[in-house]
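Visitor: Sharing a structure with you now.
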Amino acid sequence: MANPKIDLKNLKAGGFIKERGKDLFTVRLRVPGGRLSVDRLAKIAQVAQKYGKGYVHLSVRQSIELINIHFADFDTVVAELGEEQQKVASCGARVRVPTACGGCEYNPNGLVDTQKAALEVDAKLFGTATGHHKFKVCFAGCPFDCPKSAINDVGFQGAIWPKLDAGACIGCGLCAKSCTEGALAMGEDGNPVFTGENCIYCGDCVKVCPTSAWEVEKRGYSVRIGGKWGRRPLVGTLYATFLPEEKAVDFIAAVLAWYQEKAEGAGRVRLGDIIMREGTASLLERLRQDFAEYLLEETIPPQVIDTQLPLRAQEEKTCKR
């Protein structure tokens, strides 16, 4: 009996990625938000030792990859991992596993619950076929932006807008000292002066205030859209501010629907490239239907990073000689 043909495209879409070795695959595991229990981690190590190379790879998007898995062992590997506890991730033209920092649970800089958001997006949107290309989402808890929101198709960054209760302020100046962005300074009357256009929504003034005179007026996500890395990187740009945490899934779904519609017939193309072709106004108009109060009036297209610029400049100089 002939060996069955292996559909590499379908396998990759299911998280089984062909390696160089004959009949060997990398199995990418689904780890939304980059968090695993210690027991689950121990089980993964056991399976990797038994069926793989004896080590795992931690991907740049917080997944764990089992290396050198023979295709004949796929069913056994999945069964021993425990399908209900440990899903296999997806590749290809689908919504990928969302990444996230630790958020506000234990990180003193965290402003929002990024882990909760990542799990919700994973449960409701993971694996959704885009019809065109991969679709990556991340959640950063604060403006330090460790997950790098601007190089995801849709990137969320925790944000706070502060408000001063002047009656509770004692003029200690701690808020001004903590503000590294020039948004706060002490006035001649000994009270803090807030310059909103310099604020990056970090909430440091709220955290440091000893009398709680600085309060949270708005909390949510700044949202950047259109980023990607790879051969032709793009930096995503700001579309929304203080989007409520509970609206993140619906916001992603709306962006995804616009992308699927506008990229029809365009083949293998990322969201950022479609935005550059269609213009930012088109996407803003679609998002304004449901998220008008959080959207910017206008924004700029994704910004191109030409990683070959020095080489190309040298080529142009050579051609002119």
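Visitor: Those residues that are of a type in the set (A, V, I, L, M, F, W, C), over 26 Å from the mean Cα position of the chain (by Cα) and not in a loop (DSSP other than H, G, I, E, B), I need them from the range 208-227; list them, please.
Guide: V208, W214
Visitor: Tell me which residues, restricted to the range 181-207, are without any contact (Cβ under 8 Å) to a residue 40 or more places away in the chain and either within 30 Å of R288 (Cα to Cα) or under 25 Å from the mean Cα position of the chain (by Cα) (or both).
Guide: Passing the criteria: E181, A183, F194, T195, G196, E197, N198, C199, D204.
Visitor: Taking the range 208-249, which residues are exposed (fewer than 15 other Cβ atoms within 10 Å of the Cβ) and of a type in the set (V, I, T)?
Guide: Those that are exposed (fewer than 15 other Cβ atoms within 10 Å of the Cβ) and of a type in the set (V, I, T): T211, V216.
Visitor: For the structure I just gave you, tell me whether C169 is in contact (Cβ under 8 Å) with a residue 40 or more places away in the chain and not assigned by TED's automatic domain parsing to the domain that holds E261.
Guide: In short, yes.
Visitor: Test V112 against the criterion of being over 21 Å from R30 (Cα atoms), assigned by TED's automatic domain parsing to the domain that holds A254, β-branched (V, I, T) and surrounded by 20 or more Cβ atoms within 10 Å (Cβ to Cβ), and give yes or no.
Guide: Judged against the criteria, V112 is a match.
Visitor: So G102 fits all but one of (1) at pLDDT below 95; (2) surrounded by fewer than 22 Cβ atoms within 10 Å (Cβ to Cβ); what number is the exception?
Guide: (1)
Visitor: Suppose we keep only residues that are touching a strand residue (DSSP E or B) at 6+ places or on another chain (Cβ under 8 Å) and assigned to a helix (DSSP H, G or I) within the range 181-207. Which one would you say is surrounded by the most Cβ atoms within 10 Å (Cβ to Cβ)?
Guide: Per the stated criteria, the residue is C205.
The values are calculated or read from the model by the stated rules, or taken from the named source; none is laboratory data. Here the structure is a predicted model, which means the values were calculated and not measured. Glycine gets a Cβ as well: all are built from the backbone with ideal geometry, and neighbour counts include every protein chain shown.
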